[in-house]
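Below: the structure, in structure tokens.
The values are calculated or read from the model by the stated rules, or taken from the named source; none is laboratory data. Quantities reported herein were computed from a predicted structural model and do not represent experimental measurements. Because the Cβ atoms are built from the backbone with ideal geometry, glycine has one as well, and the counts that use them run over all protein chains shown.
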Amino acid sequence: MPGALFPAYPVRVLHPPLRPDPLIEIDHVTFGYDSSRTILNDVNLRFVRGQVTAVLGGSGCGKTTLLRLIGGVHPANSGRVVFDGEVVDTRDRPQLYRLRRRLGMLFQFGALFTDLSVFDNVAFPLREMTDLPEPLIHDIVLMKLNAVGLRGAAALKIAEVSGGMARRIALARAIALDPELIMYDEPFAGLDLISMGVAAKLIRTLNDVTGATSLVISHDVPQCMAIADWVVLMATGGRIVAQGTPAELMASTDPEVRQFVRGEPDGPVKFHYPARPMAEDFGLGAR
Amino acid sequence: MGKKGIEIGVGLFVLLGLAALLFVALKAANLASFGQADSYTVTARFDNIGGLKARAPVRAAGVVVGRITGIQLDAKTFQGVVTMEIDRSYQFPKDSSAKILTAGLLGDQYVGLEAGGEVDNLAPGATIKQTQSAVVLENLIGQFLFNQAADAGSAAAPGPKP
Amino acid sequence: MGRLMGRLTGFVQGIGARVLASLQGLGHAALFFVGLMAVLPQSLRRFGLVVTQVYAIGNRSLVIILASGLAVGFVLALQMYYALVTYGAAESLGLVVNLSLVRELGPVVTALLFAGRAGTSLTAEIGLMKAGEQLAAMELMAIDPRARVLAPRFIAGAISMPLLAILFSAVGILGAWVVAVGLIGIDAGNFWSIQQNKVDIWRDVGNGVVKSMAFGVICTFVALYQGYETQATPEGVAHATTRTVVISSLAVLGMDFILTALMFSTP
């Protein structure tokens, strides 16, 4: 129902964790692209297996950087990123590629290969990483496309699909190899309400049906609260403000949390960008 | 354009390139003219090789029979030593002579072979004994002036009449 | 006085910083090249990718290369004729055009055209793939984008350039033949026989082919590098394509000088 804070989903199964240890552990990680800005500051997080964890926060708080660290794109300045018990070492290329085969990532705008068709895009990981025969690949691709509701669009070219469709195709590609970890970078950004609902349903259903672990990076509070099992709220400067179940965060009395989940324009996150006093800027000095 | 079409296109492109290479090599360069396969080496000594360069042709009666492969100075006799490769199907008598000639008036220089009369032929590695050096312009002018002076002298002092 | 010194030190520091930045850029490019070479064998095994790229890079450049070759052949024949006929050496027209094309103009002009046509399209393509996060997506799928995307294009460029250059020369010679024999009336037999006598297959044609191979490597590498390192914005891509053409052209001309001096210094 539009407007409700918690759109109701018929299927929401919280699997008890199959194993007690988290799939991903972010252990005292500090990271910055260069020495002047630290994007993540001594962050500690654990992502439980089989659950949908949402990382919320405003732009520039380091959420996407978190995904890049988990994927091993950049090495952390200090601390460790642990994936299924193995410390992610960005210099060890074979290990990196081994770990990356177990994850699927959905990029913000799809990042589809524009020179291939929809079918070839979803078939890409299968053709590159496996030796499966073409008839089998054909069936798997159509099944994945069917899971996202786009089996009929298999023959289209990427230039012919809309933004929402592109993201669904990218999702089909991300799950082509049935990964254990699916990461979503801003899956709801720029979508209309229908597409948002579709995306949310897909994320939740995929997670439950395949038993994968999902990590959703977003700033869309209603959708995330509806589908997540665990929510982490981050603020600019890469620190964790709060974490908990959706209900806990919605009921929190922390001013930062309240401002974010209610979308209040001014509060701990200031409305005004830091500036000189107004008198100086407008030339109203003491006469 | 399907995959097959692309491959055909690329195949045509490569074929075209190779055809161009073949065309340039055969019709527009000297590939067809001389193969180095069956040849024997012969040397000749000249007082002055003039403007002779390596890879210049060796001709007999104007027909190309070989190529110059090397030019060196003999440090003892101070003569130019020219090494040449001659096609094995052309055998020259031992007393053949080698002259340095010019193709046309201002053209490149080449070595011209004139067959001698001996029964035995030049063996591989042999040296041609009879040689004629290149015509050097300064020497020619000097000779001309000398002749002029001699004529003037003989005109002034008439020789004994028969 | 103090301010002057301050300005001076600032200026020198600026120069120093720029020199260091250029050195760093050069080093980065060299490492990129080495990394590309390292994944070449992998891409050679997937020759289908290379073939597709040869089509995109080579076949698509055929029209401009052939047209330019023909035009250059025509013009060379006309211009050289006027110079040669004053010395009574008009018969050597074929030879002069042939040597000009095969030794110099074929490789160099083809390289410049290639940089403009294929180089810019490569830069733009790679730049936009990077902007659209396609390369990052590939990387996170545990597929090395250098092996899958960059190396096939590099091999295709290195293969296409020599072919295009020799096509340019061949078509130019034919164009000169049309003008010389057809238009001007030089004897056809002489036209070809002088060339066959004087143009050496290894020294002239062979060196020209070696040159075009070197240029192919240079132009393709510069194009790929600029595309890969571009900023993911429209202005970034625009700057990158400009840099591709400028750097490729300068590098080709510089390399041409070096190679010519090496190959043709002794007559």
Residue that is within 14 Å of chain B (Cβ to nearest Cβ), within 28 Å of C:Leu95 (Cβ to Cβ) and of a type outside the set (Gly, Ala, Ser), where the choices are C:Val179, C:Val205, C:Val252 = C:Val205
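How do the helices (runs of 4 or more DSSP H) wholly within region C:1-110 filter down when requiring 1 or more residues that are under 18 Å from the mean Cα position of the chain (by Cα) and free of Cβ contacts under 8 Å to residues at least 12 places away in the same chain: which remain?
Counting at least 1 such residues, we get C:47-57, C:62-85.
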Only one of these is buried (at least 16 other Cβ atoms within 10 Å of the Cβ), more than 13 Å from every other protein chain (Cβ to nearest Cβ), touching a His at 6+ places or on another chain (Cβ under 7 Å) and modelled with pLDDT under 90: A:Gly62, A:Gly57. Name it.
-> A:Gly57
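Just to check your reading of the model, which residue among C:Gly157, C:Gly216, C:Gly172, C:Gly127 is more than 9 Å from chain B (Cβ to nearest Cβ) and within 14 Å of C:Arg103 (Cα to Cα)? Let's see the steps before the verdict.
Working: C:Gly157 fails: within 14 Å of C:Arg103 (Cα to Cα); C:Gly216 fails: within 14 Å of C:Arg103 (Cα to Cα); C:Gly127 fails: within 14 Å of C:Arg103 (Cα to Cα).
After applying the criteria, what remains is C:Gly172.
How many of the residues making up region A:170-187 are assigned to a helix (DSSP H, G or I) and either surrounded by fewer than 18 Cβ atoms within 10 Å (Cβ to Cβ) or over 16 Å from the mean Cα position of the chain (by Cα) (or both)?
The first filter runs over region A:170-187 and keeps only residues assigned to a helix (DSSP H, G or I), leaving A:170-174.
Going one step further and asking which of them are either surrounded by fewer than 18 Cβ atoms within 10 Å (Cβ to Cβ) or over 16 Å from the mean Cα position of the chain (by Cα) (or both), we end up with none.
Looking only at that region, the number is 0.
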Condition broken by A:Leu96, with the remaining ones in (1) more than 9 Å from every other protein chain (Cβ to nearest Cβ); (2) free of Cβ contacts under 8 Å to residues at least 40 places away in the same chain; (3) closer than 18 Å to C:Ala136 by Cα; (4) under 21 Å from the mean Cα position of the chain (by Cα) satisfied = (1)
If A:Val43 satisfies every condition in (1) away from chain C (no Cβ under 13 Å); (2) crowded, with 22+ Cβ neighbours inside 10 Å; (3) out of contact with any helix residue (DSSP H, G or I) (no Cβ under 8 Å at 6 or more places or on another chain); (4) not polar (S, T, N, Q) but one, which is the exception?
-> (3)
Checked C:Leu26, C:Leu36 against criteria (closer than 25 Å to C:Arg117 by Cα and at pLDDT below 90); the one match is C:Leu26
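Go through the residues of region A:114-123 one by one and say whether even a single one is in a helix (DSSP H, G or I), more than 8 Å from chain C (Cβ to nearest Cβ), without any contact (Cβ under 8 Å) to a residue 24 or more places away in the chain and over 21 Å from the mean Cα position of the chain (by Cα).
Taking region A:114-123 as the starting set, the residues that turn out to be in a helix (DSSP H, G or I) are A:118-123.
Then keep just the ones that are more than 8 Å from chain C (Cβ to nearest Cβ); that gives A:118-123.
Okay, now just the ones that are also without any contact (Cβ under 8 Å) to a residue 24 or more places away in the chain, so A:120.
Imposing the further condition that a residue be over 21 Å from the mean Cα position of the chain (by Cα) reduces the set to A:120.
Yes, region A:114-123 contains a residue that is in a helix (DSSP H, G or I), more than 8 Å from chain C (Cβ to nearest Cβ), without any contact (Cβ under 8 Å) to a residue 24 or more places away in the chain and over 21 Å from the mean Cα position of the chain (by Cα).
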Flagged in region A:65-88 as more than 20 Å from A:Ala174 (Cβ to Cβ) and free of Cβ contacts under 8 Å to residues at least 12 places away in the same chain, in numbering order, are A:Val87
Candidates B:Ser39, B:Ser96 - the one that is farther than 30 Å from C:Gly172 by Cβ, at pLDDT below 85 and away from chain C (no Cβ under 14 Å) | B:Ser39
When C:Ser121 is evaluated against the numbered criteria (1) within 12 Å of chain B (Cβ to nearest Cβ); (2) polar (S, T, N, Q); (3) closer than 22 Å to C:Thr220 by Cα, which criterion, by number, is the only one it fails?
-> (1)
Within region C:57-89, residues at pLDDT below 90 and surrounded by 20 or more Cβ atoms within 10 Å (Cβ to Cβ) come out as none
Being surrounded by 22 or more Cβ atoms within 10 Å (Cβ to Cβ) and over 17 Å from the mean Cα position of the chain (by Cα) is the filter here, so list the residues in region C:115-133 that pass it.
-> C:Ile126, C:Gly127, C:Met129, C:Lys130
In region C:45-100, which residue that is of a type in the set (Lys, Arg) and more than 18 Å from C:Leu113 (Cα to Cα) is farthest from the other protein chains (Cβ to nearest Cβ)?
-> C:Arg45
Could you say whether any residue in region A:252-263 is surrounded by 10 or more Cβ atoms within 10 Å (Cβ to Cβ), under 24 Å from the mean Cα position of the chain (by Cα), of a type in the set (Gly, Ala, Ser) and on the phi < 0 side of the Ramachandran plot?
-> yes
